[in-house]
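Read through the structure below, which is laid out as structure tokens, and then see the notes.
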């Protein structure tokens with residue numbers, strides 16, 4: 001890809017410029033390795049002078065090469081000790097169709113819909129789980145945290161490059177795409193029921209707000225919950241997603 | 001309980017003083033509500049002048065009452081906007097035997113051993129899951145994050161008051177307490193095997209270091225893993241714990 005100008009790169013810390021330029025940053029060797037494993041897009045790779053001097057490493061061959069000053073690298077990094085190497089990744093490589101993602105909607109892929117998820121760490125954790133199992137598409141509602149935010153990308157440990165992802169998906173669109181939607185909520189049927197295993201899409205609300213009533217009341221929707229001891233009144237959102245996705249995969253494998 | 005002196009309370013942000021005074025802080029109404037539901041210990045409750053003026057709320061009746069200046073409350077809080085109410089909780093109320101926790105080791109309680117867990121958010125999330133299901137005892141190895149650290153207490157959303165907890169448990173002590181230990185690792189038997197369901201203790205290493213070889217090689221230990229697609233090489237630690245604990249509860253209920 002054509003590299004953005006230096007002053008444009010710095011703006012990628014802000015969501016509106018990521019949208020405008022269609023790119024986001026992924027910092028550090030681990031993320032770049034994951035990117036190389038996953039993508040057929042052509043991200044631009046930037047390394048600082050210091051990185052090249054100290055490490056004297058071979059450049060990953062598939063990526064474009066750009067040397068930047070240590071000062072600029074500091075500005076591109078969102079950590080106090082920059083790793084010295086950053087990729088500028090086209091969002092199109094990650095988002096929906098035409099992406100690096102090899103899962104196939106026709107072959108039993110399931111949707112995981114997250115309604116107004118806010119915590120970047122939770123989203124990163126969820127992406128890791130979806131990438132771990134494979135065969136899931138992550139759908140984010142409007143008002144969710146931006147998945148191309150540095151914190152999400154870092155928390156995903158590169159899993160974001162391995163999961164089919166869509167943003168700004170309204171709850172109303174789900175019923176057009178999926179016949180059976182499993183809504184995870186406080187009071188519902190057990191995850192171990194046949195109806196849960198048949199769901200084409202799993203939907204999760206935020207810990208504070210839950211799922212919108214309009215979705216819960218759709219004819220194709222059914223409510224499920226994870227039975228607990230009753231001593232506390234909520235699970236972490238990522239935990240609920242993890243256990244639901246695990247249950248679905250477990251049942252499909254058995 | 002006798003209230004610590006004001007200058008001692010401020011020191012409870014540091015682990016060594018928490019150990020010295022045997023207390024930790026829990027800030028905000030939600031945590032205090034959970035504390036009241038859970039404990040038969042007698043924590044001291046501190047509220048700022050501003051809190052009392054603005055909210056004019058009834059004091060939770062079971063707790064001791066102390067009014068502190070807004071300035072001191074700011075120092076006790078670890079957030080930029082203090083909630084105005086803090087409990088000083090005796091660790092003995094949470095730790096091991098003689099605690100507020102009603103689970104019974106004799107009645108099929110299982111151990112969850114975390115080896116050198118570092119991330120406070122992960123530990124908080126794990127405590128929520130263990131409290132959700134009930135019947136688990138959380139054992140932390142030496143070198144783990146302090147569970148009485150503000151960040152863990154907050155991330156636990158009060159679950160820390162509902163889980164039997166032990167700190168500084170060496171891996172070597174596990175084999176004396178448990179006959180069958182399930183070690184979660186990269187390559188092992190499936191979670192859905194009978195051997196996993198029979199484990200009395202589940203053991204988890206840190207994402208970076210894994211479990212010590214000495215534990216993996218014990219006669220009572222067996223290695224298990226969560227089958228994945230292979231596109232990424234690790235799950236988040238809390239995710240692994242969540243799915244393992246879910247699998248055990250699922251199988252026990254079925």
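The values are calculated or read from the model by the stated rules, or taken from the named source; none is laboratory data. Given the structure is predicted, the values throughout are model-derived calculations rather than measurements. Note: ideal-geometry Cβ built from the backbone for every residue, glycine included; neighbour counts use all protein chains shown.
Laid out as a table, the results:
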{"quantity": "Residues within the range A:166-187 that are out of contact with any helix residue (DSSP H, G or I) (no Cβ under 9 Å at 6 or more places or on another chain) and farther than 15 Å from residue A:111 by Cα, tallied", "calculated": "2"}
{"quantity": "Residues of the range B:22-38 that turn out to be farther than 21 Å from residue B:146 by Cα and in contact with a helix residue (DSSP H, G or I) (Cβ under 8 Å, 6 or more places away or on another chain), as a count", "calculated": "1"}
{"quantity": "Residue within the range A:201-222 that is touching a strand residue (DSSP E or B) at 6+ places or on another chain (Cβ under 6 Å) and within 10 Å of chain B (Cβ to nearest Cβ) present", "calculated": "no"}
{"quantity": "Condition check for residue B:235: free of Cβ contacts under 8 Å to residues at least 40 places away in the same chain, within 14 Å of chain A (Cβ to nearest Cβ) and closer than 21 Å to residue B:140 by Cα", "calculated": "yes"}
{"quantity": "Search result, residues across the range A:112-139 that are at the interface with chain B (Cβ under 8 Å from one of its Cβ atoms) and outside any helix (DSSP H, G or I)", "calculated": "A:134, A:135"}
{"quantity": "Test set (1) within 17 Å of residue B:111 (Cβ to Cβ); (2) more than 14 Å from the chain's Cα centre (by Cα) - residue B:143 fails condition number", "calculated": "(1)"}
{"quantity": "Of residues in the range B:223-232 being buried (at least 20 other Cβ atoms within 10 Å of the Cβ) and more than 7 Å from every other protein chain (Cβ to nearest Cβ), the one farthest from residue B:205 (Cα to Cα)", "calculated": "B:226"}
{"quantity": "Verdict on residue A:143 being away from every other protein chain (no Cβ under 14 Å), closer than 27 Å to residue A:20 by Cβ and at pLDDT below 90", "calculated": "no"}
{"quantity": "Subset of the range B:238-254 (residues that are free of Cβ contacts under 8 Å to residues at least 12 places away in the same chain and farther than 17 Å from residue B:126 by Cβ)", "calculated": "B:250, B:253, B:254"}
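Residues are listed down the side, and each one gets a yes or a no for (1) more than 14 Å from chain B (Cβ to nearest Cβ); (2) out of contact with any strand residue (DSSP E or B) (no Cβ under 9 Å at 6 or more places or on another chain); (3) on the phi < 0 side of the Ramachandran plot:
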| position | (1), (2), (3) |
| --- | --- |
| A:159 | no, yes, yes |
| A:163 | no, no, yes |
| A:175 | yes, no, yes |
| A:182 | yes, no, yes |
| A:195 | yes, no, yes |
